[in-house]
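Here the structure comes first, spelled out in structure tokens, and everything after it is commentary.
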Amino acid sequence: MSKLWGGRFTGQTDSLVQRYNASIGFDIRLYDEDITGSVAWAGELAEIGLLTEVESAAIIEGLEQVRQEFAEDRFAVLPDDEDIHSAVERRLTELVGPTGGKLHTGRSRNDQVATDFRLWIMRACDRLDDQLTDLQIALLDSAEGALNLPLPGYTHLQHAQPITWGHWSLSHFWPLARDRERLAGVRRATSELPLGSAALAGTAFPIDRPRLAHRLGFAGISANSLDAVSNRDFVVEFLAMAALLGVHLSRLAEQLILFSSAEFGFVRLADAYSTGSSIMPQKKNPDTLELTRGKSGRLIGNLTGFLATLKGLPSSYDKDLQEDKEPVFDAFDTLDIALPVMAGLIRTLELRPERMAAQLEDGLLATELADYLVHRGIPFREAHHLVGQAVRVAEARGVGLTDLTAADLQAISPHFGEDAASVLTVSAALAARAVPGGTAPAALAAQLTAARQKAGST
Ligand code: ARG
């Protein structure tokens, strides 16, 4: 078989150059979109009389046969199949004869590849949205299952104030809700048809581009053919969405790694989602979570690497753009497994309320005592200072804040009443935070409802 572009060449391509140039090793994943694009293109060529009805029917039937061969894994790639576009056309021509050679009329691989890739990314967005929704639901169910279970809340990874498991779980739900909004934005940006731009200057045949866009499920058409064949903003947006989603998954993973350690012991990972050590028989390792944390690095790398590829390119197509596919496939494949793995891990997570309770020490309630004084008209700064003194007294005696008597507190300030100790409970601390978004039971119930609505899982 000769090359698509072999006409003006007399010499052979160097074998390493052949390999260097070829993208079939990875763009074979675009076969379905490539064929879909070609079927629509053949339809348009028939509409404007460049193919007879018989020719277009033969081409479309041939293309469907090629699609079948790919789907059934019996498509034989030949050494001269440089990329998916040449492979499909080569096979089509074998099947339908020289008529197959009419399909490429008025189009270029430049607008073809941009079209195929956009179709692929739109599908990928739909699939990731499903996976993300499922992880959201796992977090919602976990939140609902232990909505008001108290545990220490942290800032700077130091004990801060009591929160609940529901509050914590939902704190990882909302970033994913924003990721889904970004995903929808990527899909919108991607839904712009480049086909009809041909190599760079626009096709010379009167193709009805809006109709073609409609046929292929695009929302609209590109405005400038030079821009259209080199525009990879949608790729960058996809990779940026993936990188940030990866960061969110990594933070969730990191926190669960901490929570499953002997030091915290707030959760236990199911056997199905952890692994052992080959030398230390007692170990149960959170490899699954560590991989999620680690893979966020490659998701960030895919974005920065491809931005660097783009930065020096003049308008219109350059072969550098062939570098767009592998980072996207890698990002997609990474998330396509990380998301369901994380959902399964959350669903099988065992909570250990007794370990959480053991960490709910008095220090977490110091703010309550300060707020108590505020209710009695003391300026917060002064209240903060007085409670600080109480903490110091308790520390010096080696006891907790709740072990101080009313007399102890009154020795620090007469503003402490006999009832001061009554605010020093976890449930009072939780109940006080009743603002929308707060950790109080009623506020959390409302947040859970809003989250379920957002995820479409009511
Ligand atoms: N394999 C190429 C790519 O992925 C297809 C477009 C090639 N166009 C060209 N004129 N060489 O970008």
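Taking 0.36 nm per residue of sequence separation and subtracting the Cα-Cα distance, how much length would be gained by fully extending the chain between ASP208 and VAL393, in nm to one decimal? Please report the intermediate quantities before stating the final value.
On the way: separation 185, 0.36 × 185 = 66.60 nm, distance 8.23 nm.
Net length gain for the segment: 58.4 nm.
Give me the mean projected area, in nm² to one decimal, of the convex hull enclosing the Cα positions of segment 55-148.
In nm², the orientation-averaged hull projection of segment 55-148 is 9.1.
For helix 366-375, what angle does its Cα long axis make with the longest principal axis of the chain, in degrees from 0 to 90 and rounded to 10?
Relative to the chain, helix 366-375 is tipped by roughly 70 degrees.
Quick check: pseudo-label points 7 Å beyond the Cα along Cα→Cβ at GLN359 and GLU94, how many nm apart are they?
Label-label distance for GLN359 and GLU94, simple model: 6.1 nm.
Could I have the simple spin-label model distance between GLN18 and SER277, label points 7 Å from Cα toward Cβ, reported in nm to one decimal?
Computed distance between label sites GLN18 and SER277 equals 5.2 nm.
Antiparallel DSSP bridges in the chain: what percent, to the nearest 5?
On the way: 8 of 10 bridges.
Bridges in the chain that DSSP calls antiparallel: roughly 80 percent.
Going by average Cβ neighbours within 10 Å, how do the peptides 358-368, 47-57 rank, with the highest at the top?
Going from most to least packed, we get 358-368, 47-57.
Please give, to one decimal in nm, the separation of the simple spin-label points placed at ASP233 and ASN148, each 7 Å out from Cα toward the Cβ.
5.0 nm
With only alpha-carbon atoms in the gyration tensor, what are the semi-axes of the equivalent ellipsoid for segment 363-412, in Å, largest first?
In descending order the semi-axes read 18, 11, 9 Å.
So if I take the centroid of the Cα atoms in segment 292-320 and the same for segment 389-458, what is the distance between those two points in Å?
Going from one Cα centre to the other spans 48 Å.
What does the charge add up to near LYS284, with Lys and Arg as +1, Asp and Glu as -1, over the other residues with Cβ less than 14 Å from its Cβ? Walk me through the intermediate numbers first.
Details: positive: ARG268, LYS283, ARG352; negative: ASP271, ASP287, GLU290, GLU350.
For residues surrounding LYS284, the net value is -1.
Just add up the charged neighbours of GLN161: K/R +1, D/E -1, any other residue whose Cβ is under 11 Å from the Cβ of GLN161.
Computed value for this residue: -1.
Along its principal axes, what span do the Cα atoms of segment 22-98 show, with the longest given first and each in whole Å?
Each principal axis gives a Cα extent; for segment 22-98 these are 36, 21, 18 Å.
Calculate, axis by axis, the spread of Cα positions in segment 173-249 along the three principal axes, and write the results as whole Å, longest axis first.
Taking the Cα atoms of segment 173-249, the three principal extents are 50, 22, 14 Å.
Working from Cα positions, state the angle (0 to 90°, nearest 10) between the long axis of helix 84-96 and the longest principal axis of the chain.
That works out to roughly 40 degrees.
Check each of the trypsin sites (Lys or Arg not before Pro) in segment 349-428 and keep only those in coil by DSSP with at most 14 other C-beta atoms within 10 angstrom; list them in order.
ARG376
At 0.36 nm per residue, and after removing the present C-alpha to C-alpha distance, how many nm does the segment from ARG123 to PHE380 gain when stretched out fully?
Result: 87.1 nm gained on full extension.
ARG251 to THR402: extension gain in nm, 0.36 nm per residue of separation minus the Cα-Cα distance?
Difference between extended and current length: 51.0 nm.
Determine, at each q value in 0.12 (inverse angstroms), the log₁₀ of I(q)/I(0) that the Debye formula gives when each Cα of segment 301-458 is one equal point scatterer.
So the normalised log intensities work out to -0.76.
Going by how many other beta carbons lie within 10 Å of each one, how would you line up TRP168, TRP41, fewest first?
TRP168, TRP41
In a solvent-free Debye calculation with one equal scatterer on each Cα, what is log10 I(q)/I(0) for the chain at q = 0.07, 0.11 Å⁻¹, listed in the order of the q values?
Scattering profile of the chain, log10 relative to I(0): -0.54, -0.93.
Helix 53-71 versus the longest principal axis of the chain: what angle, 0 to 90°, nearest 10, using Cα atoms?
50 degrees
How much net charge surrounds SER197 when only other residues with a Cβ under 13 Å from its Cβ are counted (Lys, Arg +1; Asp, Glu -1)?
Residues near SER197 contribute +1 overall.
Any idea how far the Cα center of segment 38-66 sits from the one of segment 180-244, in Å?
Result: 23 Å between the Cα centres.
From the helices alone, meaning DSSP H stretches of at least four residues, give me the mean residue ellipticity at 222 nm for the chain, per-run term -39500 (n - 2.57), in deg cm²/dmol to the nearest 500.
-19500 deg cm²/dmol
May I ask you to order 9-18, 283-292 by the average number of other C-beta atoms within 10 Å around their residues, highest value first?
Most protected by this proxy first, the peptides run 283-292, 9-18.
Quick note: the coordinates plus some simple rules give every number you see, no bench work behind them. As the structure is a prediction and not an experimental result, all values here were calculated from the model. All Cβ positions, glycine included, derive from the backbone under ideal geometry; neighbour counts span all protein chains shown.
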